[in-house]
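Data block below; observations after.
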Amino acid sequence: MEGDRAYREEGLLTRVQFGTDPTITLVYQGGHSDEYKSINLGFSLLFGVANLASMTGQEKPKRGRPVTTDPAAVGLTALRLFSQRGIDKVTMDDVAEAAKISRSNLFRIYPSKAAVVWGGMHEFNLELERRIKENPETDVVKLLHTSWVQAMHVLDSSLETVRLRLKLIASSPEIYGWGHGQMEEARLLIETAAQKVSKDPLRSRIIASALISVSMAVLVWWAENNDPRTPSEVLDAGFRDFEKLFR
């Protein structure tokens, strides 16, 4: 159509004029205009309205791939802030700003500071449970020693994160207490495993509780002294002496 050709050539539509008879006049940028009879009204309006919409500069947002958030990166950002400023002086809003994510997105990943500091413990407990089930060892102390060290491998790839978490945990009884539930879950796992092998409930309780204490002592020492070994390596070395105590 002639009017459509003018639309393509002249560019932006500036106004629409309606006549007293069934006609419509489309006026384009530069002064060019086209008149249409009612038979062509609908088709011309379709292009005219679309062109007017483009003048606003507001395009409908395009749907794309959702923004993904790396929990490990966000957690490390938070831990660095806690370490530099003090955990009591850092708000979750500060963490969201530093991590360049929304507050709601942050709370979806880490609902509290405790979740940041003790993050990864749930995954460790799942891995510990799996290792214990697969371990053929019949000596209770060796069973717990080897299963615990094998489970610690899940943390070997994030040394800075583990060090920062352990230093924060050791810095305050309150922060240590935040992880009581998860540590108790780990203790129950190894106590149950010990009972199946030793058949002695009291000895199983003593060994499980001692293993938890020794593990935390060794790991905190590793973190505070910046030992170059991985967590699993330093635990393996520390547990060798632990085994001797129960012979």
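The values are calculated or read from the model by the stated rules, or taken from the named source; none is laboratory data. What you see is a predicted model, and the numbers here were worked out from it, not measured in a lab. Using ideal geometry, Cβ is built from the backbone for each residue, glycine included, and neighbour counts are taken over all protein chains shown.
So if I check each of Leu235, Leu245, Leu211, which one is out of contact with any strand residue (DSSP E or B) (no Cβ under 7 Å at 6 or more places or on another chain), aliphatic (A, V, I, L, M), loosely packed, with under 14 Cβ neighbours inside 10 Å and at pLDDT below 95?
When all the criteria are applied, what remains is Leu245.
Which of (1) of a type outside the set (A, V, I, L, M); (2) surrounded by fewer than 17 Cβ atoms within 10 Å (Cβ to Cβ); (3) touching a helix residue (DSSP H, G or I) at 6+ places or on another chain (Cβ under 6 Å) does Asn105 not meet, given it meets every other one?
Every condition holds for Asn105 apart from (3).
Could you check Lys100 against (1) touching a residue at least 40 places away in the same chain (Cβ under 8 Å); (2) farther than 21 Å from Gly238 by Cβ; (3) of a type in the set (Lys, Arg) and say which number it fails?
Only one criterion is unmet by Lys100, namely (1).
Looking at the stretch 222-236, which of its residues are free of Cβ contacts under 8 Å to residues at least 12 places away in the same chain and in contact with a helix residue (DSSP H, G or I) (Cβ under 8 Å, 6 or more places away or on another chain)?
Those that are free of Cβ contacts under 8 Å to residues at least 12 places away in the same chain and in contact with a helix residue (DSSP H, G or I) (Cβ under 8 Å, 6 or more places away or on another chain): Asp227, Arg229.
How many of the residues making up the stretch 136-150 are part of a loop (DSSP other than H, G, I, E, B) and crowded, with 18+ Cβ neighbours inside 10 Å?
Total meeting the criteria: 0.
Search the stretch 123-149 for residues that are closer than 18 Å to Glu185 by Cβ and assigned by TED's automatic domain parsing to the domain that holds Glu191 and pair each with any residue that is surrounded by fewer than 22 Cβ atoms within 10 Å (Cβ to Cβ) and aromatic (Phe, Trp, Tyr) when their beta-carbon atoms are under 8 Å apart and the residues are at least 6 apart or on different chains.
Pairs that qualify, where the first residue is closer than 18 Å to Glu185 by Cβ and assigned by TED's automatic domain parsing to the domain that holds Glu191 and the partner is surrounded by fewer than 22 Cβ atoms within 10 Å (Cβ to Cβ) and aromatic (Phe, Trp, Tyr), are Trp148/Phe239.
Among the residues in the stretch 75-86, are any touching a helix residue (DSSP H, G or I) at 6+ places or on another chain (Cβ under 8 Å), more than 14 Å from Thr161 (Cα to Cα) and part of a loop (DSSP other than H, G, I, E, B)?
The answer is no, given that none of the residues of the stretch 75-86 is touching a helix residue (DSSP H, G or I) at 6+ places or on another chain (Cβ under 8 Å), more than 14 Å from Thr161 (Cα to Cα) and part of a loop (DSSP other than H, G, I, E, B).
Quick grid of which residues meet (1) within 31 Å of the chain's Cα centre (by Cα); (2) touching a residue at least 24 places away in the same chain (Cβ under 8 Å):
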position: Val162; (1), (2): yes, yes
position: Lys167; (1), (2): yes, yes
position: Glu184; (1), (2): yes, no
position: Leu188; (1), (2): yes, no
position: Ala194; (1), (2): no, yes
position: Ser198; (1), (2): no, yes
position: Ile207; (1), (2): no, yes
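Yes/no matrix, rows are residues, columns are (1) hydroxyl-bearing (Ser, Thr, Tyr); (2) modelled with pLDDT under 95; (3) not assigned by TED's automatic domain parsing to the domain that holds Val220:
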{"position": "Leu159", "(1), (2), (3)": "no, yes, no"}
{"position": "Leu164", "(1), (2), (3)": "no, no, no"}
{"position": "Leu168", "(1), (2), (3)": "no, no, no"}
{"position": "Ser172", "(1), (2), (3)": "yes, yes, no"}
{"position": "Tyr176", "(1), (2), (3)": "yes, yes, no"}
{"position": "Gly181", "(1), (2), (3)": "no, yes, no"}
{"position": "Gln195", "(1), (2), (3)": "no, yes, no"}
